[in-house]
């Protein structure tokens with residue numbers, strides 16, 4: 001039997017695929033979907049091993065990308081948040097004919113810090129991995145708090161993230177462990193120069209997981225790309241500054 005991931009499609013206009021982040025599911029895009037469906041045909045997938053796709057965990061990014069692309073529109077704008085941004089970039093590099101434009105949100109070609117590269121300290125990622133085996137729910141809640149930290153609407157952001165996760169089946173533990181391994185190990189910095197489609201990178205000024213200076217570092221790796229920083233946001237700008245976030249997507253999508 002071929003694994004079929006959970007997709008939902010709404011709206012009309014150019015095709016836009018949304019990929020969620022680690023520990024989450026497609027429900028995080030609920031508010032974004034309502035706005036963007038007026039401008040795009042919005043396709044939201046629960047990544048392999050997450051939400052309604054939790055029966056199909058993948059250990060490797062290649063396998064994950066192949067499963068996603070199998071049911072995705074033939075050509076679309078791809079938007080990925082956090083780990084989803086890493087996966088969307090991988091898809092853009094390996095299936096360039098399927099990706100018209102690429103948008104990454106609070107993401108990085110390499111999440112783990114590696115001096116002088118800024119990112120998440122490796123010991124933080126390994127601690128999450130250890131905690132995950134002991135207590136899934138506490139670990140994911142801790143990660144949500146880390147994502148919202150610094151945002152003026154942190155409590156509301158965490159509440160929304162929690163509602164999204166709990167609205168669907170919980171992620172498969174092996175998918176969560178594989179995702180942490182991707183955050184720790186994947187490094188696409190050298191490959192960014194090979195991207196052939198327009199790229200927009202969106203950041204939160206207060207982000208504790210993807211430090212804002214990463215924006216400058218990535219600009220040096222891909223000088224043709226565009227980037228925008230949300231001044232009041234941490235790791236989830238689409239929650240903290242929803243209207244401005246959607247405006248950025250519409251402007252870039254219709255360029």
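The values are calculated or read from the model by the stated rules, or taken from the named source; none is laboratory data. Everything numeric here is computed off the predicted structure, so don't read it as measured data. With ideal geometry, Cβ positions are generated from the backbone for all residues, glycine too; neighbour counts draw on all protein chains shown.
Residues checked against (1) touching a strand residue (DSSP E or B) at 6+ places or on another chain (Cβ under 8 Å); (2) buried (at least 18 other Cβ atoms within 10 Å of the Cβ); (3) closer than 17 Å to residue 132 by Cα:
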| position | (1), (2), (3) |
| --- | --- |
| 167 | no, no, no |
| 171 | no, yes, yes |
| 179 | no, yes, yes |
| 182 | no, yes, yes |
| 193 | no, no, no |
| 201 | yes, yes, no |
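Across region 23-43, the qualifying residues are those that are closer than 16 Å to residue 160 by Cβ, surrounded by fewer than 24 Cβ atoms within 10 Å (Cβ to Cβ) and touching a residue at least 40 places away in the same chain (Cβ under 8 Å), and the one among them that is farthest from the chain's Cα centre (by Cα) is 35. As a summary of the residue check, residue 140 satisfies the conditions (1) modelled with pLDDT under 90; (2) exposed (fewer than 14 other Cβ atoms within 10 Å of the Cβ) except for the one numbered (2). I'd like to know if region 195-218 contains one or more residues that are part of a helix (DSSP H, G or I) and in contact with a helix residue (DSSP H, G or I) (Cβ under 6 Å, 6 or more places away or on another chain). The answer is no, given that none of the residues of region 195-218 is part of a helix (DSSP H, G or I) and in contact with a helix residue (DSSP H, G or I) (Cβ under 6 Å, 6 or more places away or on another chain). On the basis of being crowded, with 20+ Cβ neighbours inside 10 Å and touching a residue at least 60 places away in the same chain (Cβ under 8 Å), does residue 209 make the cut? Criteria met by residue 209.
Residues of region 229-247 that are closer than 23 Å to residue 22 by Cα and part of a helix (DSSP H, G or I): 237, 238, 239, 240, 242, 245, 246.
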